[in-house]
């Protein structure tokens, strides 16, 4: 009798675990996607090819728009308790929006140094237009500084020491 009661309890326990709705993964960035994103960001920081960098900026901006909120987060609780539980906040090691913005600024600086003022202006203006909130004020100030450099015109460096060329 005791064995059958234990067996019945075990079957009910295992059956109950199989019939409950599994907790779905959030729509946020998983580790593989994040590491790929980090690799893309690293390519941006080490590149000097403006066309490639513009493509990288687009990739990072697209990735930054992936929602990281726990929209699909479901706790296995009765309905009456769900309203008492808040959704978890997303926690990433690095802000994908900041990565995309930093890449835009770097691309703008490379374009400015290469004399590609049109690309530099696009990059700096995109940062200013995209980030009106104070959370990204540093990036906006850097973009404004880049626009000031752009409007100041080309900078010529004159070496005061004469060079002697020998035959």
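The values are calculated or read from the model by the stated rules, or taken from the named source; none is laboratory data. None of these values were measured; they are calculated from a predicted model. Positions of Cβ are backbone-derived with ideal geometry, glycine not excepted, and every protein chain shown enters the neighbour counts.
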Is one or more of the residues making up the stretch 148-163 out of contact with any helix residue (DSSP H, G or I) (no Cβ under 8 Å at 6 or more places or on another chain), part of a helix (DSSP H, G or I) and modelled with pLDDT of 90 or more? yes
Criterion first (surrounded by fewer than 18 Cβ atoms within 10 Å (Cβ to Cβ), closer than 20 Å to residue 152 by Cβ and at pLDDT 70 or above) does residue 129 satisfy it? no
Mind counting the residues in the stretch 32-58 that are in a helix (DSSP H, G or I) and modelled with pLDDT of 90 or more? 17
From 100, 120, which residue is at pLDDT 75 or above, surrounded by 18 or more Cβ atoms within 10 Å (Cβ to Cβ) and farther than 21 Å from residue 151 by Cα? 100
